1. All but one of (1) crowded, with 21+ Cβ neighbours inside 10 Å; (2) closer than 17 Å to residue 28 by Cβ; (3) in contact with a strand residue (DSSP E or B) (Cβ under 7 Å, 6 or more places away or on another chain) hold for residue 130; state the number of the condition that does not hold.
2. Can we say residue 47 is more than 17 Å from residue 126 (Cα to Cα), touching a helix residue (DSSP H, G or I) at 6+ places or on another chain (Cβ under 7 Å) and assigned to a helix (DSSP H, G or I)?
3. Condition first: modelled with pLDDT of 95 or more, over 13 Å from the mean Cα position of the chain (by Cα) and either assigned to a helix (DSSP H, G or I) or more than 23 Å from residue 137 (Cβ to Cβ) (or both). Can you find one or more residues in the stretch 80-93 that meet it?
4. If I filter the stretch 17-43 down to residues being closer than 16 Å to residue 68 by Cβ and modelled with pLDDT of 95 or more, which single residue comes out as surrounded by the most Cβ atoms within 10 Å (Cβ to Cβ)?
5. Only one residue in 23, 55, 99, 125 is touching a helix residue (DSSP H, G or I) at 6+ places or on another chain (Cβ under 7 Å) and either farther than 23 Å from residue 144 by Cβ or not in a loop (DSSP other than H, G, I, E, B) (or both), so which one is that?
6. So which residues in the stretch 54-74 are more than 15 Å from the chain's Cα centre (by Cα) and surrounded by fewer than 21 Cβ atoms within 10 Å (Cβ to Cβ)?
């Protein structure tokens, strides 16, 4: 049995570059995860099985990145009671807006938390998953606080540098 707390899926291997941003954050915050390619359209049974068995495996959050029709996150949400975070990806000439709308417009009772399109969204999906997990993990909550404190210090240092250059 895997010790993954988060499962990250993408609709196509071409989404790997963007979804790797999720992996970067999960590693930084020391959150065990697994990642794979699943398709709501090409492998619907496989996707449904992953989602329906995730809770029994100890998984706490699913993150699904997909472009175009972007049904992956919704398909996962239909098969689990776990939180699902959708990452809309830019895969068509619409620049990800189609994926954003497909991901965010879920029927009542089957929510998908939806983040921004692309790499920033992929990173924020991991941060949101971390915050969900931190509600029952004080050590993770502390790692999140430390991360945010570091980001604040970086902003303050940049501001001081800017002032010194005037």
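1. (3)
2. yes
3. The answer is no; no qualifying residue exists.
4. 19
5. Step by step, each of 23, 55, 99, 125 is checked, and only 125 is touching a helix residue (DSSP H, G or I) at 6+ places or on another chain (Cβ under 7 Å) and either farther than 23 Å from residue 144 by Cβ or not in a loop (DSSP other than H, G, I, E, B) (or both).
6. Matches in the stretch 54-74: 55, 56, 57, 58, 68, 69.
The values are calculated or read from the model by the stated rules, or taken from the named source; none is laboratory data. These figures come from a predicted structure and were not determined experimentally. FYI the Cβ positions are ideal-geometry reconstructions off the backbone, even for glycines, and counts take in every protein chain you see.
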